[in-house]
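Notes to accompany the following structure.
Rule-based calculations on the coordinates, nothing more; no lab input. These numbers come from a predicted model, not from an experiment. Because the Cβ atoms are built from the backbone with ideal geometry, glycine has one as well, and the counts that use them run over all protein chains shown.
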Amino acid sequence: MNMKWTKPFAEIGKDDAAIAGGKGASLGEMTQAGIPVPPGFVVVSGAFDHFIEASGLEADISEILGTVDTVDPAKTETVENASKKIQSLILDEGTPIPHAIVEETLASFKLLDTTFVAVRSSATAEDGASAAWAGQLDTYLNTTEKTLIENMKRCWASLYTPRAIFYRFEKGMMKFDVSVAVVVQKMVASDTSGIAFSVHPVTEDRNQMIIEGAWGLGEAVVSGQITPDSYVVTKKPLAIIDKSIAEQDKGLFRKEGGGNEWKDLPHESGGTQKLSDEQIMNLSRAVLTIEKHYGFPVDVEWGVEKEKIYILQSRPITTLKTYTPEMGVVTILKGMG
């Protein structure tokens with residue numbers, strides 16, 4: 001099959017954000033750099049564009065967005081009404097996805113040879129310079145073949161959540177073409193997971209990294225639903241200088257048959273260190289490799305399954321006060337989004 005609507009990570013790099021979105025471009029770039037990223041593919045943004053065109057929804061969406069109060073988009077009712085109408089049009093069973101896109105997406109899924117995948121929205125925007133879409137769009141963990149196409153459509157619809165629409169107005173992006181790719185990635189059934197910052201995000205000490213980890217899937221850490229362990233690591237010399245061990249009484253884990261569920265943790269494991277010192281050091285080396293590859297500070301999502309560390313996502317840290325345009329922030333964001 002000639003693949004037109006999907007691309008494996010191995011064929012994507014940091015300059016492909018226009019077709020793969022920020023997440024997809026980053027995962028492809030890291031895959032090509034030999035960083036341990038779970039395999040996957042991207043349903044390119046052209047697939048979403050083709051779906052909108054084939055369904056005749058373009059004019060309807062444009063008209064509905066025109067009803068948002070542009071003087072004061074904080075008037076949430078106009079944003080919420082527009083969101084509800086547009087998402088309803090996209091998700092309607094009477095608005096089918098073109099057969100060729102469905103067929104190719106399922107064929108690419110089969111090549112991953114796995115039961116469960118993570119399905120993530122990956123936005124693209126022509127003005128990507130100031131548009132960090134991280135956290136604006138939806139993610140569906142532990143998706144199966146049965147729910148893959150439905151969740152892909154949900155990712156497309158998430159381009160028009162109230163939050164995403166408001167964000168477009170806030171950033172002055174209504175006149176820019178914004179599209180969305182979908183990342184489909186082999187799911188890591190994380191025993192432990194979390195996030196890492198290659199520069200201390202509070203003190204901005206560039207010789208210190210912070211690693212945060214918890215039992216179960218990292219979404220619980222990213223969303224702030226549980227308090228993770230926190231480890232401070234110096235880069236030179238590479239050493240653990242501080243540990244803060246959190247009590248954890250529940251975790252988010254894969255549900256049998258797909259999806260996720262909260263599970264209570266035994267008391268004896270809740271207050272123990274979530275990563276061993278050896279794992280902290282190995283993860284630190286991986287984060288340093290990513291930072292060196294990109295040439296700027298990174299925020300990394302990671303997971304550990306059966307003692308193996310996987311990098312699930314990476315993006316630039318854009319909150320550092322010491323960032324200046326001369327450091328290439330505009331270029332960074334354009335590539336990462």
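Each 10 Å bin, from zero up to the one with the longest distance, holds this percent of the alpha carbon pairs of the stretch 1-98: 15, 30, 28, 22, 5. Counted by Cβ distance under 11 Å from G218, the other residues give a net charge of -3, where Lys and Arg count +1 and Asp and Glu count -1. Radius of gyration over Kirkwood radius for the chain, both on Cα atoms: the Rg/Rh ratio is 0.97.
Phi angles of the stretch 44-57 translate, via the Karplus equation with coefficients 6.51, -1.76, 1.60 and θ = phi - 60°, into HN-Hα couplings of 5, 4, x, 5, 5, 4, 5, 4, 5, 5, 5, 8, x, 8 Hz per residue; Gly and Pro are given as x.
If you average the sequence gap of Cα pairs under 8 Å that are 6 or more apart and divide by the length of the chain, what percent do you get for the contact order?
21 percent.
Each of V202 and L238 was given a label point 7 Å from its Cα along the Cα-to-Cβ line. The distance between the two points is 2.6 nm.
Cα centroid distance between the stretch 83-101 and the stretch 179-217, in Å? Spelled out, the Cα-based centre of one part sits 32 Å from the other.
Here the Karplus curve 6.51 cos²θ - 1.76 cosθ + 1.60, taken at θ = phi - 60°, turns the phi angles of the stretch 298-315 into couplings of 10, 10, 10, 9, 9, x, 10, 10, 6, 6, 9, 8, 10, 9, 9, 5, 8, 8 Hz, with x standing for Gly and Pro. The shape of the stretch 6-186 can be summarised by an equivalent ellipsoid whose semi-axes, obtained from the alpha carbon gyration tensor, come to 28, 19, 13 Å from longest to shortest. Close amide H contacts of T192 (hydrogens built in the peptide plane, cut-off under 5 Å, sequence separation of 5 or more or a different chain): G216, V304.
Only helical DSSP H runs with n ≥ 4 go in: add -39500 (n - 2.57) per run for the chain, normalise by residue count and round the 222 nm mean residue ellipticity to 500 deg cm²/dmol.
Values: 11 runs with 121 residues, N = 337.
Helix contribution divided over all residues of the chain: -11000 deg cm²/dmol.
Per residue, the average separation of C-alpha pairs within less than 8 Å and at least 6 apart gives the stretch 6-186 a relative contact order of 32 percent. Along the chain, the exposed loop sites are trypsin sites (Lys or Arg not before Pro) outside DSSP states H, G, I, E and B with at most 11 other Cβ atoms within 10 Å, and the longest stretch free of them is 176-305.
Compute the signed sum of charges (Lys and Arg +1, Asp and Glu -1) over the other residues within less than 15 Å, Cβ to Cβ, of G270. Don't skip to the end; give the middle numbers.
Numbers: positive: K250, K263, K274; negative: D191, D229, E247, D249, D264, E268.
After counting each charged neighbour, the total is -3.
The angle between the Cα long axis of helix 145-157 and the main principal axis of the chain comes to about 70°, on a 0 to 90 degree scale.
Using the Cα centre of the chain as the reference point, and only Cβ charges (+1 on K/R, -1 on D/E), how large is the resulting charge dipole? Debye, rounded to the nearest 20.
Here the size comes out at about 560 debye.
Considering only N207, G270, L111, and ranking their Cα positions along the charge dipole of the chain that arises from unit charges at the beta-carbon of Lys, Arg, Asp and Glu, the one farthest toward the positive end is N207.
Database remark: amide H of T114 closer than 5 angstrom to no amide H (H placed geometrically; neighbours at sequence offset of 5 or more, or on other chains; Pro and chain starts carry no H). Taking the Cα-to-Cβ direction at E247 and at K292 and moving 7 Å from each Cα, how far apart do the two end points lie in nm? Reported label-point gap for E247 and K292 is 4.1 nm.
Taken along the Cα-to-beta-carbon direction at a fixed 7 Å, the label points for T76 and T115 span 4.0 nm.
Structural size metrics of the stretch 192-336, computed from C-alpha coordinates, are Rg and Dmax of 15.8, 50 Å.
Within the stretch 226-306, which GluC sites (Glu not before Pro) sit in a loop by DSSP and count at most 10 neighbouring Cβ atoms inside 10 Å? Intermediate results must be reported in sequence, preceding the final value.
On the way: sites: E247, E256, E261, E268, E278, E291, E301, E305; in loops: E247, E256.
When the GluC sites (Glu not before Pro) of the stretch 226-306 are filtered for loop state and at most 10 Cβ neighbours within 10 Å, E256 remain.
Could you tell me the relative contact order of the stretch 192-336? Use alpha-carbon pairs under 8 Å, at least six residues apart, and round to a whole percent.
On the way: 268 pairs, mean separation 32.5, N = 145.
This gives 22 percent for the stretch 192-336.
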